[in-house]
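Supplied in structure tokens, the structure appears directly below.
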Amino acid sequence: MKPYALFLPERRQKQKDTFMNKLSEKQRTEIDKLGSMAETDIDTSDIPETAHWEEAVMGKFYRPIKKQVSIRLDADMLEWFRVQGGKYQTHINQVLRSYMEANQVRNKHVES
């Protein structure tokens, strides 16, 4: 399987269909029934209220799509990242993201 195959729409639909096939007939009937109801008619009284949104963090579970690329790096720089231990490609990505975000803020101030 190609690495990007998981992101193809037809692959996602197949995964969704596979999940739906694992439902029992009773679960499938209940989902169909809920799907045909108006939102105001659905009983949500068994769901606890979430009253404290001030501590919520936007984007906490955001994970950008990764793309495999080929990039030429100076050998000494690449070696430095590798000897740091752990996942050196992830570390390079983090450094590049920090640089990108810092320059986005700087560019916004210049444009204003």
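The values are calculated or read from the model by the stated rules, or taken from the named source; none is laboratory data. Bear in mind the structure is a predicted one, so any value in this text is a computation, not a measurement. Here the Cβ is made from the backbone with ideal geometry for all residues, glycine too, and neighbour counts use every protein chain on show.
Every residue in the range 33-84 that is surrounded by 10 or more Cβ atoms within 10 Å (Cβ to Cβ) and acidic (Asp, Glu), please.
Glu79 - this is the single residue of the range 33-84 that is surrounded by 10 or more Cβ atoms within 10 Å (Cβ to Cβ) and acidic (Asp, Glu).
Matching residues to (1) basic (Lys, Arg); (2) under 30 Å from Arg97 (Cβ atoms); (3) assigned to a loop (DSSP other than H, G, I, E, B):
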{"site": "Asp43", "(1), (2), (3)": "no, no, yes"}
{"site": "Ala51", "(1), (2), (3)": "no, no, yes"}
{"site": "Val57", "(1), (2), (3)": "no, yes, yes"}
{"site": "Lys67", "(1), (2), (3)": "yes, yes, yes"}
{"site": "Gly85", "(1), (2), (3)": "no, yes, yes"}
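Going by the structure shown, is Asp76 out of contact with any His (no Cβ under 7 Å at 6 or more places or on another chain) and at pLDDT 90 or above?
Yes, satisfied.
Also, quick follow-up: Scan the range 40-76 residue by residue and report those that are under 28 Å from the mean Cα position of the chain (by Cα) and more than 30 Å from Tyr88 (Cα to Cα).
Thr44, Ile47, Pro48, Glu49, Thr50, Ala51, His52, Trp53, Glu54, Glu55, Ala56
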